[in-house]
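To start, the structure itself, in structure tokens.
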Amino acid sequence: MTAIIDYDAGNIKSVENALRFLGHDVVVTADPEVILQADHVILPGVGAFGEAMQRLRGRGLEDTIREVVDRGTPFLGICLGLQLLFEESEESPGVRGLALLPGRIRRIPDGEGRKVPQIGWNDISFPGESRLFKGLPQGSFVYFVHSFYLEAGDRSDVAATTEYGVSIDAAVEHGNLFACQFHPEKSERVGMQILENFLAVR
């Protein structure tokens with residue numbers, strides 16, 4: 001059973017629908033006991049970094065997420081769910097993230113011909129082997145919706161990158177902790193393969 005963490009951060013239904021389409025058992029929950037019993041856990045989300053951290057802490061979910069990761073249960077952050085895994089974000093100065101991995105979240109710089117937020121398809125590159133992207137070719141296209149991006153503190157955590165005015169760390173993999181800045185649930189065939197790859201991790 002896969003648990004999707006419910007903390008009123010949006011985009012949860014589309015992730016749930018994608019997993020059900022793939023034939024997997026899913027529960028959307030904020031109950032720590034249910035989350036800790038799951039085989040896989042997903043933290044989706046769209047919204048503001050500071051408000052999201054406040055909601056996670058207010059529901060007692062910060063410690064739950066840490067325990068899931070410490071146990072080695074496969075864990076996937078999506079979009080805002082990726083950003084929350086890191087130390088801090090320029091979106092919410094002074095707010096501490098989960099700090100499960102080293103790195104900062106920065107705002108995509110404005111530039112000629114470049115719109116912020118980035119909304120749409122972009123290709124990703126894989127700097128090395130990754131269980132998350134198994135079977136996918138370099139240059140696969142995925143769907144992004146974001147104004148802020150990850151600058152990872154440890155390059156060995158980076159599983160995928162993309163370019164949008166700056167080099168963006170688009171996905172990370174550290175043990176059984178995974179995260180994507182893009183939305184696999186909206187990335188058609190490529191995204192379904194990414195979700196299947198994650199759900200195959202044991």
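The values are calculated or read from the model by the stated rules, or taken from the named source; none is laboratory data. All figures in this text were calculated on a predicted structure; none of them were measured in a lab. In this analysis, Cβ positions are derived from the backbone assuming ideal geometry, glycine residues included, and neighbour counts consider all displayed protein chains. Accessible surface areas use protein heavy atoms only, side chains included; no ligands, DNA or RNA. Shrake-Rupley method; radii C 1.70, N 1.55, O 1.52, S 1.80 Å.
Sorting the segments 30-38, 190-198 by their residues' average number of neighbouring beta-carbon atoms within 10 angstrom, most packed first, yields 190-198, 30-38. Packing here is the average count of other Cβ atoms within 10 Å per residue, and on that basis the peptides 82-90, 118-126, 45-53, 154-162, highest first, run 82-90, 45-53, 154-162, 118-126. Karplus-based coupling profile of segment 163-175, in residue order and whole Hz: 10, 8, x, 9, 7, 10, 7, 8, 7, 10, 8, 9, x, with θ = phi - 60° in 6.51 cos²θ - 1.76 cosθ + 1.60 and x standing for Gly or Pro. Just one of (i) 47; (ii) 50; (iii) 56 is percent of Cα pairs over 21 Å apart as worked out from the coordinates here. Which one is it? Correct label is (i). If the segment from Lys13 to Val145 were pulled out straight at 0.36 nm per residue, it would be longer than the present Cα-Cα gap by 45.9 nm. Extension gain, Asn122 to Glu33: 0.36 nm times the residue separation minus the Cα-Cα distance gives 28.3 nm. Dividing the mean sequence gap of close Cα pairs (under 8 Å, 6+ apart) by how many residues segment 133-202 holds gives a relative contact order of 33 percent. Per residue, the solvent-accessible area of the chain (1.4 Å probe, heavy atoms of protein chains only, all protein chains present) comes to 43 Å². With Cα atoms defining each centre, segment 46-102 and segment 160-174 are spaced 18 Å apart in the structure. Output ³J(HN,Hα) for segment 11-26: one whole-Hz value per residue in order, computed from phi by the Karplus curve 6.51 cos²θ - 1.76 cosθ + 1.60 with θ = phi - 60°, and x for Gly and Pro. The phi angles translate into 6, 6, 4, 5, 5, 4, 4, 5, 5, 5, 4, 7, x, 9, 6, 9 Hz. Under 10 Å, Cα contacts only: if you run a Gaussian network model on the chain, which one of Val28, Val116, Val15 comes out with the highest mean-square fluctuation? Highest fluctuation of the listed residues: Val116.
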